[in-house]
Every structure is written in structure tokens, then in C-alpha cells.
């Protein structure tokens, strides 16, 4: 398959950097790192970073949890341009950057620091533009209504609500779990998925609206959702998984995969591919990861007529692995 990077299974500590928009392939046996052999590798760059204006003077920044490091992540550092503006514990993956200027575009990056003090590389840069300021606006938005919620597997809840009314317009909605803010979405969005929950647990969620002048609405009536006690992984597994083989120009055989990424509240950038019941390779999408359908091809050897079982799973934005896709059997040299 011309133009598609190829991952060779079971190579130790392989890291291969492709251009923006392509793939970063990481062998399953270990991650490359920026530290030396004595100190161990630094944390990787946070993925799935997003930034949305929360008001005329604030931006909500979110990212995926960094995993697979030699030591635990102790904190995340958020940068505006080259300046560090926020620092949060490693258990969190969001922050509101405040004291910004209206009608201004800002660039944000995130870095992880582990418990040994090693600082990882910057994430990809994301941009957010604050809306214009509204003069003498002391009127808060109305309360969001009709909040509904349902469990999506054992570790996620999907919420939806009716839009709040405001004389100047709603800029963002904040989702609260109990009394703590756990997420924020743009003012044109009336649904969200909250991940990182525990199976068999009862949760209470509310939503409130914020306008450009930082006026905050009353919280909506609470919706209570109980996650099921067991998670079969189906809700977080890639769907429409397909597998076939082709013979490359070099005479070797390659396994071709295609799938639809699972729905998650955040960007999915990393997948694990299992071949014959063992991890064959991991792949990380650089640039803008596919949201509708993803494809990948990897090396399977030079011998024809060999059967393989293959399946795939995603690393979710909360740092946990999702469920495996359906398993497919392919045979080298056989037509798709």
C-alpha cells in the first residue's frame, strides 16, 4: 500500500517520526524517550489537546492522560506561547486559563513532568480565540434545562441538555460532577460525554452556562446516572473492523486494517494492534487523527498461506484502554 508507513512487529524501543498528518509508529516493547539510559525516558507529549474559549477572558484547555512512562506523571504544565501559565496535578487533564484579553487568539501547549522531575516534550500547539467583550453585561444566562444522561459502558456517561438563553449569547457550558467542574464545551454544543468513571457507581451531574462577560447561570437540575457493574468493552471498542492482506512491491505480505474509532469525549490518537493473541505494535496518529474511518497497514512476513488473527483497541482520552474490536482472521496471499 504505497504511502502508508509500515510497522515491523516486536522491534525493541523503535520510534519513527512521520510528517504532520501521518503516523507515529511505536513498537510494543517500549517507548522511545528524551532521557538518558541512566535516568530513564521522560514522559511523552500529551495528545488530544484542545482549547475552547470559556468567556471573553478565559480559555478551557483539555488533553489526554499520558501513560506508558517509566514513572508516574506528577503534574502537567500548560503554556501560553512560551510562557507557563498553569500547573495542575497529574490526576487532572483540564484547566481554565484566565486573565486573557477579549478578541485575541492564543496558542497553547501542554507538557508532562514525572515524579522523578523529568519534563516531557511539548504537545502539538492548539489555538483558541476569545470573543469580544460585552460592556455593562451583568445579566447571567438562563438555566440550562432538560438535562438527560445515560451510561455508555461502565466508564462513561453521555449527557444532553436544552440550550440556555442569554441576551448576548452563551459562550460555553460547564459540566459539574457533584460540585466539581469536570468538563467544558462550546456555547453551540448541547451534549457531552464524560469519561474516566468507575463501574457500578452512582453519579450526579449538572450543567451551567457562561457568557462572554463571565456571568454564570444557575446550575441545571441534577441528573443521576449509575454506571453498570461490569463493562464488556463494547461501548469503547472500534467498530466496523475489517482486515485483509496484500503483497507489496518488495515481495513481502502486509495486513491491511480499517475501522471506525470509538466515540469518546476527546481525541483518540493511539491504538494497540494484537496479532495472534499478542501485542504486535502500537501506532500513534500525528497531526489530525481520523474521526470517521481509520486505516493502517503493517508487515506480516514473506511466506504465503499463513493465517493470522488480528484485533485492535484504542487508548481513550482518560488514559484507559478501551475494549477490543471484533477479531478477524486473514491469510497471506488470499484476496481481500
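Scan segment 153-165 residue by residue and report those that are over 18 Å from residue 221 (Cα atoms) and surrounded by fewer than 22 Cβ atoms within 10 Å (Cβ to Cβ).
Initial filter on segment 153-165 (over 18 Å from residue 221 (Cα atoms)): 153-156.
Listed by number, the list holds a single entry, 154.
I need the strands (runs of 3 or more DSSP E) fully contained in segment 91-179, keeping only those with at least 3 residues that are closer than 13 Å to residue 52 by Cα.
The qualifying strands (runs of 3 or more DSSP E) are 94-97, 105-114, 126-129, 170-177.
Could you list, in sequence order, all residues of segment 238-267 that are under 30 Å from residue 61 (Cα atoms) and either assigned to a loop (DSSP other than H, G, I, E, B) or not assigned by TED's automatic domain parsing to the domain that holds residue 284 (or both)? I'd like the intermediate steps shown before the answer.
Filtering segment 238-267 down to residues under 30 Å from residue 61 (Cα atoms) leaves 238-239, 259-267.
Scanning segment 238-267 gives 238, 261, 262, 263, 264, 265, 266, 267.
Hey, among the residues in segment 308-336 that are in a loop (DSSP other than H, G, I, E, B) and crowded, with 21+ Cβ neighbours inside 10 Å, which one's nearest to the chain's Cα centre (by Cα)?
Step one: of segment 308-336, the residues in a loop (DSSP other than H, G, I, E, B) are 316-320, 322-327, 332-336.
Next cut, crowded, with 21+ Cβ neighbours inside 10 Å only: 316-317, 322, 325.
Working: 316: 6, 317: 3, 322: 12, 325: 18 Å.
Result: 317.
Given the condition over 26 Å from residue 209 (Cα atoms), free of Cβ contacts under 8 Å to residues at least 24 places away in the same chain, in a loop (DSSP other than H, G, I, E, B) and not assigned by TED's automatic domain parsing to the domain that holds residue 211, answer yes or no: does some residue in segment 75-85 qualify?
Yes, segment 75-85 has at least one match.
Quick check: anything in segment 140-150 modelled with pLDDT under 90 and either surrounded by fewer than 21 Cβ atoms within 10 Å (Cβ to Cβ) or within 20 Å of residue 318 (Cβ to Cβ) (or both)? Break it down stepwise before answering.
Residues of segment 140-150 modelled with pLDDT under 90: 140.
Then keep just the ones that are either surrounded by fewer than 21 Cβ atoms within 10 Å (Cβ to Cβ) or within 20 Å of residue 318 (Cβ to Cβ) (or both); that gives 140.
Looking for residues that are modelled with pLDDT under 90 and either surrounded by fewer than 21 Cβ atoms within 10 Å (Cβ to Cβ) or within 20 Å of residue 318 (Cβ to Cβ) (or both), one finds at least one in segment 140-150, hence yes.
Do we find a residue being in contact (Cβ under 8 Å) with a residue 60 or more places away in the chain and more than 18 Å from the chain's Cα centre (by Cα) anywhere in segment 100-110?
Keep residues of segment 100-110 that are in contact (Cβ under 8 Å) with a residue 60 or more places away in the chain, which gives 102, 109-110.
Still in the list and also more than 18 Å from the chain's Cα centre (by Cα): 102.
Yes, there is a match, as at least one residue in segment 100-110 is in contact (Cβ under 8 Å) with a residue 60 or more places away in the chain and more than 18 Å from the chain's Cα centre (by Cα).
Going through 68, 3 one at a time, which residue ends up being at pLDDT below 80 and over 20 Å from the mean Cα position of the chain (by Cα)? Before you say what the answer is, go through the steps one by one.
Numbers: 68 fails: over 20 Å from the mean Cα position of the chain (by Cα).
Within the list 68, 3, the selection yields 3.
Suppose we filter segment 200-230 for residues that are over 18 Å from residue 155 (Cβ atoms) and free of Cβ contacts under 8 Å to residues at least 60 places away in the same chain; how many remain? Show your work before the answer.
Here is the first cut: in segment 200-230, the residues over 18 Å from residue 155 (Cβ atoms) are 206-222.
From what's left, free of Cβ contacts under 8 Å to residues at least 60 places away in the same chain: 206.
Residues flagged as over 18 Å from residue 155 (Cβ atoms) and free of Cβ contacts under 8 Å to residues at least 60 places away in the same chain within segment 200-230 amount to 1.
Is one or more of the residues making up segment 120-131 in contact with a strand residue (DSSP E or B) (Cβ under 7 Å, 6 or more places away or on another chain), over 30 Å from residue 45 (Cα atoms) and surrounded by fewer than 16 Cβ atoms within 10 Å (Cβ to Cβ)?
Within segment 120-131, not a single residue is in contact with a strand residue (DSSP E or B) (Cβ under 7 Å, 6 or more places away or on another chain), over 30 Å from residue 45 (Cα atoms) and surrounded by fewer than 16 Cβ atoms within 10 Å (Cβ to Cβ).
Can you name every one of the strands (runs of 3 or more DSSP E) wholly within segment 268-307 that holds 1 or more residues which are surrounded by fewer than 18 Cβ atoms within 10 Å (Cβ to Cβ)? Let's see the steps before the verdict.
Numbers: elements: 270-275, 278-285, 294-301.
In segment 268-307, the matching strands (runs of 3 or more DSSP E) lie at 278-285, 294-301.
Just to confirm my filter: which strands (runs of 3 or more DSSP E) fall fully inside segment 188-237 and include at least 2 residues that are over 19 Å from residue 52 (Cβ atoms) and modelled with pLDDT of 85 or more? Give the steps one after another, and end with the answer.
Details: elements: 191-194, 202-211, 223-226.
Strands (runs of 3 or more DSSP E) meeting the threshold: 202-211, 223-226.
Of the residues that sit in segment 173-199 and are more than 17 Å from residue 222 (Cα to Cα) and free of Cβ contacts under 8 Å to residues at least 40 places away in the same chain, which one is surrounded by the most Cβ atoms within 10 Å (Cβ to Cβ)?
Once the filter is applied, the top-ranked residue is 187.
The values are calculated or read from the model by the stated rules, or taken from the named source; none is laboratory data. Just so we're clear, the structure is a prediction, and the values are computed from it rather than from any experiment. A quick note on method: Cβ atoms are made from the backbone with ideal geometry, for glycine too, and the neighbour counts reach across all protein chains shown.
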